[in-house]
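Down below is the structure, laid out as structure tokens.
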There are 2 protein chains.
Amino acid sequence: MIAKSRQPVETKRRIPRQARAEETVSAILEGAAQVLEAGGVAGFTTNAVAERAGVSIGTLYQYFSDKGALLHALGEREMQLTITSVAKALRNDDEAPIEERVRAVVRAIVNAFHGRLRARKAVVQAVLAQGLAIESVAPVAAFIAAAGATAHRGIARLTPEQQFVVSRALMGTIRAALLEEASFFKSRAFEDELVRLVLSYIGAVSAARA
Amino acid sequence: MIAKSRQPVETKRRIPRQARAEETVSAILEGAAQVLEAGGVAGFTTNAVAERAGVSIGTLYQYFSDKGALLHALGEREMQLTITSVAKALRNDDEAPIEERVRAVVRAIVNAFHGRLRARKAVVQAVLAQGLAIESVAPVAAFIAAAGATAHRGIARLTPEQQFVVSRALMGTIRAALLEEASFFKSRAFEDELVRLVLSYIGAVSAARA
DNA sequence: GATAGGATATGAGCATTGCTCATATTCTGA
DNA sequence: TCAGAATATGAGCAATGCTCATATCCTATC
């Protein structure tokens with residue numbers, strides 16, 4: 001008796017080995033984004049994604065174990081974009097005053113949500129709808145927490161709870177503005193308040209240490 | 001030709017007029033909560049809810065236009081609980097120092113999430129998954145913003161953006177702790193940090209005005 | 001107490017959707 | 001050239017959201 005070849009229990013089932021397979025995966029992800037942009041979470045069906053991507057439904061399931069895995073992949077894509085954006089913002093002004101650095105981070109995150117707002121909103125919604133929030137959003141938050149909390153000229157290092165609070169407060173507020181389609185989402189006034197939120201908190205922690 | 005009787009486009013279709021109908025609606029909501037507690041969002045099917053509630057699927061749809069409406073109702077129930085809890089907390093110490101009042105609000109919100117954590121988490125997830133966040137969560141946030149931001153002994157009144165930031169930052173952080181099942185969710189240390197977050201932000205706004 | 005009509009409850013079953021699997025096609029290395 | 005691996009296909013099954021024709025229950029009126 002020959003054992004069936006085991007499939008790894010991953011989000012992706014088959015790993016592309018040929019160029020056309022890579023293209024297929026890209027097409028599926030792009031199709032997924034388009035379907036989300038067009039019809040939001042409600043219209044997001046795997047059959048619709050496959051059709052939009054120009055592949056059969058079977059092909060879709062060769063690369064994604066289920067609908068959730070597809071959303072997960074989209075979420076990770078967004079996450080990576082944000083992380084890259086934040087990292088870049090921090091690299092530029094390494095010795096700038098803390099306010100500049102915080103502002104750069106805030107702006108980077110907000111700007112990561114440019115274009116295809118409807119799709120992005122839908123991705124956030126869908127990712128939150130599953131337990132995926134933990135793995136998928138936490139890295140961004142952790143990165144921000146670490147970045148914003150590095151001991152830096154009299155600024156105290158943050159405890160894990162404090163890192164959690166500052167990162168989730170920032171991400172949560174931005175996410176709320178996106179989901180609620182706040183008119184001031186990309187306004188300077190909103191950015192100012194987010195900067196104030198982070199700075200005042202970090203300042204208060206530092207002050208309490210002294 | 002007789003026009004069909006128009007159904008109001010509401011979350012609830014039929015409005016209970018008899019006592020047994022009220023009981024039916026309660027049973028459905030209770031069944032929904034139980035199904036969520038047992039199987040999370042994944043196991044939440046309308047047929048399962050109807051069975052658990054001891055009513056037929058048809059009856060369920062007499063009172064709730066669709067699955068979303070059911071989640072919406074559960075969400076509103078949670079929201080109302082939180083609002084009541086916060087209002088009560090604020091009523092007690094009307095002339096207490098601002099720190100006490102903020103702490104009371106923070107504690108009230110966190111304590112609103114006691115018991116049936118799995119169901120609550122699922123409700124939050126489900127509500128976020130639809131566009132319902134806007135109508136369903138915003139009232140709590142607005143209430144908190146208004147309550148925490150009432151001009152009070154040298155504390156400045158907040159602009160709409162500022163109210164948005166302080167309420168969503170607080171709610172978002174608490175929600176993140178719930179969804180990510182943070183170990184410190186109900187710890188004193190976490191509460192302290194939430195208080196610090198709100199106080200430092202309000203303080204910074206006030207300081208900037210002067 | 002009888003009963004007409006409104007309110008409430010039922011559940012078989014239809015439409016849609018997530019997903020599988022047997023099969024076909026394409027590619028690559030020897 | 002061609003065998004076998006990689007990739008692609010899509011009919012169709014199972015599960016789920018939801019409807020509607022029908023049945024049962026309740027209440028108001030006489």
Residue in region B:37-60 that is within 17 Å of the chain's Cα centre (by Cα) and more than 14 Å from every other protein chain (Cβ to nearest Cβ) present: yes
Only one of B:167, B:200, B:187 that is of a type in the set (Ser, Thr, Tyr) and over 16 Å from residue A:200 (Cα atoms): B:187
The listed residue being farther than 30 Å from residue B:157 by Cβ, within 12 Å of DNA strand D (Cβ to nearest atom) and touching a Phe, Trp or Tyr at 6+ places or on another chain (Cβ under 7 Å), out of B:13, B:17: B:13
Entirely in region B:102-210, the helices (runs of 4 or more DSSP H) that have 1 or more residues that are at pLDDT 85 or above and facing chain A (nearest Cβ under 10 Å): B:117-129, B:160-179, B:188-209
Top-ranked residue of region A:35-57 - restricted to ones that are of a type outside the set (A, V, I, L, M, F, W, C) and more than 8 Å from DNA strand C (Cβ to nearest atom), ranked as nearest to residue A:119 (Cα to Cα): A:37
Criterion (more than 13 Å from DNA strand C (Cβ to nearest atom) and surrounded by 18 or more Cβ atoms within 10 Å (Cβ to Cβ)) met by exactly one of B:87, B:32: B:32
Residue in region A:84-95 that is touching a helix residue (DSSP H, G or I) at 6+ places or on another chain (Cβ under 6 Å) and at pLDDT 90 or above present: no
Residue pairs meeting the criteria (Cβ under 7 Å; at least 6 apart or on separate chains; first over 12 Å from residue A:54 (Cβ atoms), in region A:14-26; second near DNA strand C (Cβ under 8 Å from one of its atoms)): A:14/A:62
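The values are calculated or read from the model by the stated rules, or taken from the named source; none is laboratory data. All of these numbers come straight from a predicted model, not from anything done at the bench. Positions of Cβ are backbone-derived with ideal geometry, glycine not excepted, and every protein chain shown enters the neighbour counts.
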